[in-house]
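The values are calculated or read from the model by the stated rules, or taken from the named source; none is laboratory data. Owing to the predicted nature of the structure, the values given are computational and were not obtained by experimental measurement. Methodologically, a virtual Cβ is constructed for each residue, glycine included, from the backbone with ideal geometry; neighbour enumeration extends over all protein chains shown.
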Amino acid sequence: MHSTFVSSAIRRSLLGAVTASAIALVAPFAHAADPDPKDWDAVLAQAKGQTVYFNAWGGATNINDYIAWAGGIVAERYGVTVEHVKLDDTANAVSTVLAEKTAGRDEGGSIDLIWINGENFAAMKDKGLMFTAGGDGWVEKLPNWSLVDFENNATIQTDFTIPVEGLEAPWGGAKLVFFHDEAREKSGPLPDSFLELVDWSKANKGRFSYPAPPDFIGSSLLKQALSELAPEPAKLLQPVEAEEFEAMTAPLFAALDALHPNMWRSGRAYPKNYPAMLQLLADGELDIIFAFNPAAASAEIAKNTLPDTVRSFTFSGGTLGNTHFTAIPYNANAKAGALVFANFLMSAEAQAQKQDPNIWGDPTILALDRLSAEDKARFDALDLGIATLKPDELGPKLPEPHPSWMVEIEKEWTRRYGAGN
């Protein structure tokens, strides 16, 4: 589970009608005590003794355990305490920072670091809620930035079409994959596109479902379908235009109309979230589920959550891919400590630990050819698991649509298929 969880109502109030001109690097809030990441020794000195309140999704035990492990390392080495504030919706953290800004609390904020990407990043950037380190960003000044694969991975520099501009630090990669249990008999071959998934559901009634938006993983399936079916995909990379919305989304909603009656519980109920969907696969109620992590199935097999007959697959035409990040609010109380923790999360040690399916299985954002022999050996020693597709098996990476598309799609989805419909 990667990307951050977003409340539709909060996101609409924050993001609004985001336009290309609105998504610009805002004038920074500069404070005398703000650390300069170019002077790393000074950052380390200032960070010692600070407590970093890290607001991050708390819905998976293995991820929570990983954050606790990373926090323990920085406490021991740098004297920085990390408190994991467990969220069920990252937009709540964004709204907290916005409320503090509205109240004039420009220093001593309650949040020091946020696990973030996509719509939430767009909202924070648009509202001037990001720490900018004097206006030109902080991420590329971190010591471990030189290890990041920023030249070959466009999603590290552009988050859901929005330029990152040094305002959030890459933490992990993500790509949408599907998985199924090979031991179970199913009707027909596995689907190789969203429309084939719709057809598959007709022959395998009740054996597929997805969480209802605005749950992140459920919305991701809608974005996958939109990216495949929109008549002019290039327009998805620009802010949504009201006059084009119906024509661009008509194939999506036609496909959903065909899918829903054949889903689990005839589409009258939805799994609450990814863990609930995972449990339905483990219990034999669903035959195909999906995740935003190529190693997700292997990680669950390693935990004995799923049988070792589960295997991953993807669509040959491509599936969504992105990067998830950490960001520092403009009014964070422990900016230096947040810089230290964000930098450690990009280290080879932390990235290799995170990519281990027995720990998390989250793909690295590092360029392995830039690592020392010792650090590269950390990754070479990893057993990524029997259900993890190799890089050349993952297929093309489809870009995320502009955040404004999902604001409108989730509203329309709720009108058509939400509670009471």
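Can you tell me which residue among A91, A60, A103 is free of Cβ contacts under 8 Å to residues at least 40 places away in the same chain and farther than 21 Å from P35 by Cβ? Spell out the reasoning first.
Working: A91 fails: free of Cβ contacts under 8 Å to residues at least 40 places away in the same chain; A60 fails: free of Cβ contacts under 8 Å to residues at least 40 places away in the same chain.
The conditions single out A103.
Check off (1) at positive phi; (2) part of a helix (DSSP H, G or I) for G49 and give me the number that stays unchecked.
(2)
Among the residues of region 203-210, is there at least one that is of a type in the set (A, V, I, L, M, F, W, C), surrounded by 15 or more Cβ atoms within 10 Å (Cβ to Cβ), part of a helix (DSSP H, G or I) and not assigned by TED's automatic domain parsing to the domain that holds D89?
Our first condition is that a residue be of a type in the set (A, V, I, L, M, F, W, C); within region 203-210, this holds for 203, 208.
Checking which are surrounded by 15 or more Cβ atoms within 10 Å (Cβ to Cβ) leaves us with 208.
Still in the running and part of a helix (DSSP H, G or I): none.
No - not one qualifying residue is present in region 203-210.
Restricting to region 33-58, and then to whatever is touching a strand residue (DSSP E or B) at 6+ places or on another chain (Cβ under 9 Å) and surrounded by 17 or more Cβ atoms within 10 Å (Cβ to Cβ), can you tell me which residue is modelled with the lowest pLDDT?
Of all residues in region 33-58, those touching a strand residue (DSSP E or B) at 6+ places or on another chain (Cβ under 9 Å) come to 49-58.
Filter once more, so that each one left must be surrounded by 17 or more Cβ atoms within 10 Å (Cβ to Cβ): 50, 52-57.
Numbers: Q50: 98, V52: 98, Y53: 98, F54: 98, N55: 98, A56: 98, W57: 93.
Here the answer is W57.
If we keep just the residues of region 110-147 that are under 30 Å from D375 (Cα atoms) and among the polar types (S, T, N, Q), which is nearest to the chain's Cα centre (by Cα)?
For region 110-147, the residue satisfying everything is N117.
Between N304, N262, which is of a type in the set (S, T, N, Q), surrounded by fewer than 21 Cβ atoms within 10 Å (Cβ to Cβ) and in contact with a strand residue (DSSP E or B) (Cβ under 9 Å, 6 or more places away or on another chain)? So that I can check it myself, show each step before the final result.
On the way: N304 fails: in contact with a strand residue (DSSP E or B) (Cβ under 9 Å, 6 or more places away or on another chain).
Going through N304, N262 in turn, just one is of a type in the set (S, T, N, Q), surrounded by fewer than 21 Cβ atoms within 10 Å (Cβ to Cβ) and in contact with a strand residue (DSSP E or B) (Cβ under 9 Å, 6 or more places away or on another chain): N262.
Among the residues of region 174-218, how many are touching a strand residue (DSSP E or B) at 6+ places or on another chain (Cβ under 6 Å) and small (G, A, S)?
The initial filter retains those residues of region 174-218 that are touching a strand residue (DSSP E or B) at 6+ places or on another chain (Cβ under 6 Å), namely 174-182, 190, 201, 208.
Next cut, small (G, A, S) only: 174, 201.
Selection size over region 174-218: 2.
N331 - would you say it is out of contact with any Pro (no Cβ under 8 Å at 6 or more places or on another chain), under 30 Å from K127 (Cα atoms) and in contact (Cβ under 8 Å) with a residue 12 or more places away in the chain? Can you show your working first?
Numbers: out of contact with any Pro (no Cβ under 8 Å at 6 or more places or on another chain): yes; under 30 Å from K127 (Cα atoms): yes; in contact (Cβ under 8 Å) with a residue 12 or more places away in the chain: yes.
So N331 fits the description; yes.
Restricting attention to region 265-277, does a residue exist that is of a type in the set (S, T, Y) and at positive phi?
Within region 265-277, the first condition is being of a type in the set (S, T, Y), and the residues that meet it are 266, 270, 274.
Then keep just the ones that are at positive phi; that gives 266.
Yes.
Can you say whether K376 is outside the structural domain of L195 (by TED's automatic domain parsing), touching a Phe, Trp or Tyr at 6+ places or on another chain (Cβ under 8 Å) and among the basic types (K, R), as far as the supplied structure shows? Spell out how you get there, then give the answer.
Values: outside the structural domain of L195 (by TED's automatic domain parsing): yes; touching a Phe, Trp or Tyr at 6+ places or on another chain (Cβ under 8 Å): no; among the basic types (K, R): yes.
No.
Does region 145-177 hold any residues that are part of a strand (DSSP E or B) and of a type in the set (A, V, I, L, M, F, W, C), and which are they? Before the answer, list the steps.
Taking region 145-177 as the starting set, the residues that turn out to be part of a strand (DSSP E or B) are 148, 158-159, 162-163, 168-175, 177.
Answer for region 145-177, where residues must be part of a strand (DSSP E or B) and of a type in the set (A, V, I, L, M, F, W, C): V148, I162, A169, W171, A174, V177.
Starting from residues that are under 17 Å from G59 (Cβ atoms) and either among the small types (G, A, S) or not in a helix (DSSP H, G or I) (or both), keep the ones in region 89-106 and report whichever is farthest from the chain's Cα centre (by Cα). Can you show your working first?
Start the filter on region 89-106 by keeping residues that are under 17 Å from G59 (Cβ atoms), which leaves 89-93.
Then keep just the ones that are either among the small types (G, A, S) or not in a helix (DSSP H, G or I) (or both); that gives 89, 91, 93.
On the way: D89: 12, A91: 13, A93: 15 Å.
Residue satisfying both the conditions and the ranking: A93.
Run down L176, L142 and say which single residue is under 30 Å from D283 (Cβ atoms) and buried (at least 22 other Cβ atoms within 10 Å of the Cβ).
On the way: L142 fails: under 30 Å from D283 (Cβ atoms).
Of L176, L142, the one residue that is under 30 Å from D283 (Cβ atoms) and buried (at least 22 other Cβ atoms within 10 Å of the Cβ) is L176.
Give the residues of region 132-144 that are assigned to a helix (DSSP H, G or I) and either free of Cβ contacts under 8 Å to residues at least 12 places away in the same chain or farther than 14 Å from P329 by Cα (or both), sorted by residue number. Explain how you work it out, then say what you get.
Narrowing region 132-144 to residues assigned to a helix (DSSP H, G or I): 133-135, 139-141, 143-144.
Selection gives E140, K141, P143, N144.
Yes or no: region 178-190 includes at least one residue that is assigned to a loop (DSSP other than H, G, I, E, B), at pLDDT below 95 and touching a helix residue (DSSP H, G or I) at 6+ places or on another chain (Cβ under 7 Å).
Among the residues of region 178-190, at least one is assigned to a loop (DSSP other than H, G, I, E, B), at pLDDT below 95 and touching a helix residue (DSSP H, G or I) at 6+ places or on another chain (Cβ under 7 Å), which makes the answer yes.
In region 228-264, which residues are of a type in the set (D, E, K, R) and within 17 Å of L197 (Cα to Cα)?
Going through region 228-264, the residues of a type in the set (D, E, K, R) turn out to be 228, 232, 235, 241, 243-244, 246, 257.
Listed by number, the residues that qualify are E228, D257.
Look through region 158-172, keep the residues that are closer than 20 Å to N144 by Cα and of a type in the set (V, I, T), and return whichever of them is surrounded by the fewest Cβ atoms within 10 Å (Cβ to Cβ).
T158
Six or more apart or on different chains, Cβ under 6 Å: which pairs go from a residue in region 176-201 that's closer than 21 Å to G318 by Cα to one that's of a type in the set (S, T, N, Q) and surrounded by fewer than 15 Cβ atoms within 10 Å (Cβ to Cβ)? Could you list them?
D192/S316
Exactly one of (1) in contact with a Pro (Cβ under 8 Å, 6 or more places away or on another chain); (2) modelled with pLDDT under 95 is unmet by S312. Its number?
Of everything listed in (1) in contact with a Pro (Cβ under 8 Å, 6 or more places away or on another chain); (2) modelled with pLDDT under 95, S312 misses just condition (2).
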